[in-house]
Amino acid sequence: MRVCSPWMLAGLWFIALAADVSAGSSNSLLDISTDGALLAAANRDNGTVSIVEIASGKVLREVSVGKKTEGVTFVGQTHQVAATAYADDVITLFDADSGQVLKTVAVFDEPYGIVSTRDGQKLYATLEYPGQVVEIDPATGTITRTLAAGEFPRGIALSPDEQTIYVTGYYSGGALALQRASGAIVDRWDGLASENLARQIAVHPRRPKAYVPHIRSRVNVNRGEGSVVPFVSVVDLGPGEGRRRKPVPMDAFYGTFVVANPWEVAVSPDGSLLCALFAGTNDMYVCKVIDDDYREVGFRKLITLGNNPRAVRFTPDGTRFFVYNTLDFQVVEYDASTFKATRSIKLCDNPLGDEILRGKVLFYSALEPMVGRRWISCASCHPDGDGDGRTWQNPEGLRNTTALFGMAWTHPIHWSADRDEVQDFEHTVRSNLMQGRGLIRGAVNPSLEAPNKGLSRDLDALSAYSNSHKVPLSPHAKNGLSDAAKRGKALFFAAETRCAECHSGPYYSDSTPTKPFKLHDVGTVTDDPSETMGPKYDTPTLLGVYKTPPYLHHGKARTLEEVLTTYNKGDRHGKTSHLSAEQVADLVEFMKALPYEDPEPAAQAAGLTKIDR
């Protein structure tokens, strides 16, 4: 049987009933009901969805749906809403008119983007881990199909004729097409190796085009300018020769005006406008869509936004659009003809507290006093506490970006333990990388010497936010340890393998803020000729290691198996050379199951030191 490709289907767009794609066509933190009456906003920081009556601007209700709400959609033509809770591994369906929770759908792990078909018969959501799209029947709240969707998918959209599902790879910057009928991957648009952090995709309502906001991480650049470059890539969904993916550099889109951290785009219902917003510099470009298959988009207007904008959505009639400034906890309505703000709507109270909120604003900011030339923020490499999946060529050698989860319990910081407090990153803020004024007025104490804590309220707030990230439980242990993981646990704690000598305690790390630090030579320094600070390194936590490739300080181990075999020459990183392939697999299964219980109570009971700020 011949499978129709997306470009064949794309030819039908101009004659198919595909005009109304406003509700649920692409993933977002915002959605508007097809009747234009209600707006739903996912409040990531407090695990709720706010329902706004658009006519009055009144918040009707706030519905709890689960931790780290990353996506929201109205279900078809109804006022039912579906929302993804990334940290709780659930998708919640509720009635926006009453606030009543209708269904809670448990998924394997990390639901991110979600969209609905126009008839409301099916929902589709990305599971970032293990790389799937789930199809859900909202009437019964059951998963009807699970589709393979590449590695770390986040963005998701339906074609206007709803025959194709488009998905973005978060760490690859690429896109896939899945034929909805069969679930098969029928097309792909790979990005460059440097392309990264693609969390959303929007499809044009009438042209065979899709738009993907992402960055390029130029890992060999040690200066802020040009190290992290903003792009919106235009993907050709139809047939034709030449490039099928046109990356449009956003730093050169409007003269030499630099924007940072592209987060989301939206296309107007008539297809004439495209809005692209930038969460690092708090800007948005309103662009005209050019039907020439060459330039694709042209400049119309630059709009300065509030703190950390992450979502933009047009009303179904195209007369207005809403922007969600997430760290102001408000949406702002704009007139789509004048591009002027018409009103602001407060969605919810600040759930973070004043200090952590201030720290989070600074963490995401690519503006002064954090950054001098607008290219990069802390969140460019550590978005929402994650790593960026990249290994950077630093002056001290290759350094794999680590996640911030559990960092409060595992000081010192960095592979080389050259920071003993987050406040030491004032040196990074003032360095060639970020080129900011800095948060301390006056001199900065050298790292590892007199503390910089207490010298700046803003710097202490940045530290409080950075240390606030807790480790999520592993999905591989939801039903307890598997038999393979139990065998692997026995191997991990065996005296012969010596794994637990360094990866010890509740956080599976012997790191301690007490000097002298415990550093270890595990034989990996010779893998990187550019290394200047080795051969000893701090012990990273193993919690959450199942989803944080690549591994080791130089990022050369692509899998946990390679950590235990290829990059463990001479058994200097635990004794594993005597293990069979089956035993190595068991050991990996145990590591993937970490953490299978909350490590904080055990850490507190053991008297370990937690750095709160």
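Please say if the stretch 475-605 is rounded, prolate or oblate, where rounded means a/c under 1.5 for a ≥ b ≥ c the square roots of the C-alpha gyration tensor eigenvalues, and otherwise the choice is prolate for a/b larger than b/c and oblate otherwise? Verdict is oblate for the stretch 475-605. A cut-off under 15 angstrom between Cβ atoms defines the neighbours of Glu355, and their net charge, with Lys, Arg +1 and Asp, Glu -1, is 0.
Evaluated on the stretch 6-346, the Kirkwood hydrodynamic radius is 19.5 Å, with distances taken between all distinct Cα atoms.
Taking other Cβ atoms within 10 Å as a rough exposure proxy, Trp375, Trp392 sort from fewest to most as Trp392, Trp375.
Once Rg and the Kirkwood radius are both taken over the C-alpha atoms of the stretch 354-466, their ratio Rg/Rh works out to 0.92. A simple rule links phi to the HN-Hα coupling: the Karplus curve 6.51 cos²θ - 1.76 cosθ + 1.60 with θ = phi - 60°, which for the stretch 306-316 gives x, 6, 6, x, 10, 8, 9, 8, 7, 6, x Hz, with x for Gly and Pro.
The 3J(HN,Hα) values that the Karplus relation (6.51, -1.76, 1.60; θ = phi - 60°) gives for the stretch 54-63 are, in residue order, 5, 4, 9, x, 8, 7, 6, 6, 10, 10 Hz. Gly and Pro appear as x.
Counting pairs of alpha carbon atoms under 8 Å apart in space and at least six apart in sequence, what relative contact order in percent does the chain give? Provide the component values of the computation, followed by the final result.
Working: 1641 pairs, mean separation 54.4, N = 613.
After rounding, I find 9 percent.
Projected onto its three principal axes, the C-alpha set of the stretch 287-385 covers 46, 31, 21 Å, listed from the longest axis down. Where does helix 457-466 land angle-wise versus the long Cα axis of the chain, in degrees 0 to 90, nearest 10? Tilt relative to the chain: about 90 degrees.
Taking packing as the residue-averaged number of other Cβ atoms within 10 angstrom, the listed peptides 461-473, 574-586 run from highest to lowest as 461-473, 574-586. For the stretch 128-154 versus the stretch 22-88, the inter-centroid distance based on Cα atoms is 19 Å. Taking the C-alpha atoms only, the angle from helix 354-364 to the longest principal axis of the chain is near 80 degrees. Per-residue Karplus couplings for the stretch 333-345, computed as 6.51 cos²θ - 1.76 cosθ + 1.60 with θ equal to phi - 60°, are listed in order as 8, 10, 6, 6, 9, 9, 6, 9, 5, 10, 6, 10, 10 Hz, Gly and Pro entered as x. Straight-distance candidates among the lysines for linking to Lys547, with alpha-carbon spacing under 23 Å and chain neighbours fewer than 8 residues away dropped: Lys67, Lys68, Lys470, Lys478, Lys486, Lys489, Lys556, Lys592.
Each principal axis of the chain carries a Cα extent, and these read 68, 61, 52 Å when sorted largest first. Calculated mean residue ellipticity at 222 nm for the chain: -3000 deg cm²/dmol, from DSSP H runs with n ≥ 4 weighted as -39500 (n - 2.57), summed, divided by the residue count and rounded to 500.
The residues Arg487, Arg457, when put in order of fewest to most other Cβ atoms within 10 Å, stand as Arg457, Arg487.
Here Met434, Met407 are placed in order of increasing Cβ neighbour count within 10 Å, fewest first, which gives Met407, Met434.
The Cα center of the stretch 168-189 and the Cα center of the stretch 581-613 differ in position by 34 Å. Distance from the Cα centroid of the stretch 430-493 to that of the stretch 219-276 is 31 Å (rounded to whole angstrom).
Bear in mind these aren't lab numbers, they're just calculated from the coordinates by the rules spelled out. Predicted, not measured: the structure shown is a model, and the values here were computed from it. Counting neighbours? That spans all protein chains shown, and the Cβs are built from the backbone with ideal geometry, glycine included.
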